[in-house]
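Beneath this line is the structure, given in structure tokens, with notes to follow.
The values are calculated or read from the model by the stated rules, or taken from the named source; none is laboratory data. Bear in mind the structure is a predicted one, so any value in this text is a computation, not a measurement. Virtual Cβ from ideal backbone geometry, glycine too; neighbours counted across all protein chains shown. Quick note on the areas: whole protein, heavy atoms, side chains included, nothing else; ligands and nucleic acids left out. Shrake-Rupley method; radii C 1.70, N 1.55, O 1.52, S 1.80 Å.
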Amino acid sequence: MIEKLAKQTAVYGLSTIVVRFLSYLLTPYYTRVFGPDTYGIVTDVYALIPFALVLLSMGMESSYFRFSAKAEAAGGDVAAAKRRIFATTWGATLAAAAVFFLVVALFRDGVARLMGAAYVDHPEYVVLTAAVILFDVAAMIPFSRLREQGRAMTFVMLKAANVSVNVALAFAFGAAGLFSTPLGVGWVLVANLAASAATLALVVRTADRTAPRIDRALLARIFAYSLPLLVSGIAGTANEFIDRQLIKYILPQSIAMSQLGFYGAVTKIAVVMTLFTQMYRLAAEPFFLANFRKEEFVASNAAALKYYVMASMAIFLGIALFRDAFALIVGRDFREGIFILPVVLGANVLSGVWLNMSFWYKREEKTRYAAYITFTGLFVSVAFNLSLLPRYGYYGAAWARLAAETAMVWVSWRLNRRYCPTPYDLRRMAEYVALALAFFAASEAFARLCDPAAWLLYAVDALLFAAFLLFAVRRERIDVRALAASILHRNR
């Protein structure tokens, strides 16, 4: 079963990497078009959008996967049952998004004041952001349906259409000089809005003429499952953006947006780790929420976490060792913050760890435990940010994020040991973490003590990275050739 998960992860990953790479072309572009203050607005808006998406999706994505699996287990007219689940979850999220957009549009001036001084003169930024959220929420459940049906390539192609339109318009707007007009950075949102609208028009065509329609009795059962996920999702997503908001509100107004710009640019450099965690989630969520025996679930979950740690530490090491090269992704004015990159990468690794530990309570429909985990992380994040931000700026925000992810992993581990003991191979995972950190420390010491030429340092780093990969492949007895052949066969 773990081989099946690896194949699904690779299918999403190999296809999605190209799509996401196109999207991340906007980071080097925008950090060269805009200064740190203006790019801080981009960072701020795109930190808030995921929070709104989680709030308005109301945990319906996980609910759709779980209730679809239960419909298959119940038998009968499975197709009709799945259509009702799809129509109901889609209808609920669409209604919530429409109400949200109307409220924001009507009270845009007040919302702009709440968001900060940078938005007071441009309330249109608020309306454009709300419109992007409306279209993205409307497309979420149709995209979840594609994942539940295993239609990975259709999923990726539609996402590719979204990114292609967004990137093309961004470059076109820049070439036309629109970023220098009074709307300024608002053209970033216009490009995104056009892409989101086009994507919704395409993904609706995959709905097989099923219209959003709410079955109230079914929705009540779904809400009983999804409400704890909504609460925990709000807290979890708040963990992702609270550091950016606290930077904006705690630091002096004269430097807040530039600090936000630096922090946002550096976190974007961790693109490969973000991609890996995302593609793992896309494959793992429907996989682990499907119906199969608990013994198989426990064994597969334990193995999955081991391989996740192995792969994520390899990515951590590859980016951390060559972070000066990765710094070239962003504009020259933003590279002063590159020193926080290893801390951000470490937080991303831990994010995937507690994600893997979350599947047992989703499967057992004990989703209230999600709130314990995410609210712990939120509390730690706020406490550390309040303590560290005034003194260390965005460097303190990076450490606060790492502390929050560590706390969530610890709570997830304690809950797992108590309610669903899983035989995680802690010794093997600790080996990968310790070896990656040791190699990184060795590289840092070599650079600091010997002051080598750049080519020599890169050569040593390449050897260290290759040694880690070789150790991992031999330790797990991975047949790389057979695995690659299996993945290529799956993609045909």
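Taken together, Arg209, Arg221, Arg213 contain a single residue that is modelled with pLDDT of 80 or more, more than 30 Å from Pro390 (Cβ to Cβ), in contact with a Gly (Cβ under 6 Å, 6 or more places away or on another chain) and charged (D, E, K, R), which is Arg213. With respect to the stated conditions, Arg113 fails to be under 29 Å from Leu219 (Cα atoms) and among the basic types (Lys, Arg). Of all residues in the stretch 28-49, none that is touching a residue at least 40 places away in the same chain (Cβ under 8 Å) has its Cβ atom under 6 Å from the Cβ atom of a residue that is part of a loop (DSSP other than H, G, I, E, B) and surrounded by fewer than 18 Cβ atoms within 10 Å (Cβ to Cβ), 6 or more apart or on another chain.
Among the candidates Ala441, Ala398, Ala430, the residue that is buried (at least 20 other Cβ atoms within 10 Å of the Cβ) and assigned to a helix (DSSP H, G or I) is uniquely Ala398. Listed conditions (1) open to solvent by less than 50 Å² (accessible area, probe 1.4 Å); (2) of a type in the set (S, T, N, Q); (3) part of a helix (DSSP H, G or I) are all met by Ser387, apart from (1).
Residue by residue, here is whether (1) part of a helix (DSSP H, G or I); (2) in contact with a Leu (Cβ under 9 Å, 6 or more places away or on another chain); (3) without any contact (Cβ under 8 Å) to a residue 12 or more places away in the chain holds:
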residue: Ala224; (1), (2), (3): yes, no, yes
residue: Leu229; (1), (2), (3): yes, no, no
residue: Gly233; (1), (2), (3): yes, yes, no
residue: Gly236; (1), (2), (3): yes, yes, no
residue: Glu240; (1), (2), (3): yes, no, no
residue: Arg244; (1), (2), (3): yes, yes, no
residue: Tyr249; (1), (2), (3): yes, no, no
residue: Ala256; (1), (2), (3): yes, no, no
residue: Tyr263; (1), (2), (3): yes, no, no
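Scanning the stretch 363-402 for residues that are touching a Ser or Thr at 6+ places or on another chain (Cβ under 6 Å) and either within 22 Å of Ser312 (Cβ to Cβ) or hydroxyl-bearing (Ser, Thr, Tyr) (or both) yields Ala370, Ile373, Thr374, Ala400. Inside the stretch 297-353, residues that are open to solvent by less than 30 Å² (accessible area, probe 1.4 Å), at pLDDT below 85 and closer than 20 Å to Pro423 by Cβ make up a count of 4. Does Leu193 fit the bill of being modelled with pLDDT under 90, within 19 Å of Leu56 (Cβ to Cβ) and not basic (Lys, Arg)? Judged against the criteria, Leu193 is not a match. Flag not set for Asp479, criterion: modelled with pLDDT of 90 or more and surrounded by fewer than 18 Cβ atoms within 10 Å (Cβ to Cβ). Among the conditions (1) over 26 Å from Phe297 (Cβ atoms); (2) among the charged types (D, E, K, R); (3) not in a helix (DSSP H, G or I), the only one that Glu336 does not satisfy is (3).
Number of residues in the stretch 237-270 that are β-branched (Val, Ile, Thr), modelled with pLDDT of 85 or more and open to solvent by 10 Å² or more (accessible area, probe 1.4 Å) equals 1.
Test Phe179 against the stated conditions and say whether it is touching a residue at least 40 places away in the same chain (Cβ under 8 Å) and open to solvent by less than 40 Å² (accessible area, probe 1.4 Å). It is true that Phe179 is touching a residue at least 40 places away in the same chain (Cβ under 8 Å) and open to solvent by less than 40 Å² (accessible area, probe 1.4 Å). Restricting the stretch 121-130 to residues that are buried (at least 20 other Cβ atoms within 10 Å of the Cβ) and either touching a Phe, Trp or Tyr at 6+ places or on another chain (Cβ under 8 Å) or acidic (Asp, Glu) (or both), the residue that is farthest from Ala97 (Cα to Cα) is Tyr125. When the residues of the stretch 79-110 are filtered to those that are among the β-branched types (Val, Ile, Thr) and open to solvent by 40 Å² or more (accessible area, probe 1.4 Å), the one that is farthest from the chain's Cα centre (by Cα) is Val103. Is it the case that the stretch 357-373 has a residue that's part of a loop (DSSP other than H, G, I, E, B), on the phi > 0 side of the Ramachandran plot and open to solvent by less than 30 Å² (accessible area, probe 1.4 Å)? No: zero hits. Scanning the stretch 416-427 for residues that are surrounded by 18 or more Cβ atoms within 10 Å (Cβ to Cβ) and modelled with pLDDT under 90 turns up Asn416, Cys420, Thr422.
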